[in-house]
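One structure is given below, encoded as structure tokens.
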Amino acid sequence: MSSTITTKLDADQVIKQAYDEPNKRFRVDATVTATLGDTILVDSDGDELDINPDGSLNANVTIDAAGGDNIKISDGTNTLLVNPDGSINAGISGTINPSGLSTALKASRLTITSVATQVPTSALTGRNTMSVRVLGDKDIVFGDSTVTFATGYPKYQFEEMVLDIQTNPTINLWAICNTGETCEVAILEIG
């Protein structure tokens, strides 16, 4: 026994009802259910739209400003503007302090013993970067003023340590050798 569905619409009317002319596509009613980690869409290039474990979507988005408009990306407070020519106009506020040589340079050498020694003994005013290289053949350890050979950060012959201290240029670095040993370090401070 077969069942027959009758309608008052002819074939042309059915197609007209199912086809969305302005968007050039067929209308489809569907419900998609996906769980975390599922891929929910794959395009013809193989790119996937995935659901991340935190519930966000993982998708590559291409935005085109072909109409000459700027593209504005904002978190509600800060704004990033992508201009039609591809340049970026960021609404950045505050002071930008580039790290690097801008005012002074100081090179020195210091002999480190088994007594914790400040490196360097006198800091360059306004320094933002400091580099320390071990020259001797003995191990040296670094830390704060309470450093001991057992607790410090070790550096060995010809190893170098570079510190970006621009946010705290008055920070003091200390070094120490093992009992009875001495070693020389070269120091370069950049202000």
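Overall size of segment 105-190 from C-alpha positions, given as principal axis extents largest first: 35, 23, 18 Å. Taking the average, over residues, of other Cβ atoms within 10 Å as the packing measure, peptides 180-189, 158-167 rank 180-189, 158-167 from highest down. When you count the other C-beta atoms within 10 angstrom of each residue and take the mean per peptide, 144-153, 126-135 line up highest first as 126-135, 144-153.
Values in this text are rule-based calculations from the coordinates and carry no lab data. All values derive from a computational prediction rather than experimental measurement. Positions of Cβ are generated from backbone atoms using ideal geometry, with glycine treated the same way; all protein chains shown enter the neighbour counts.
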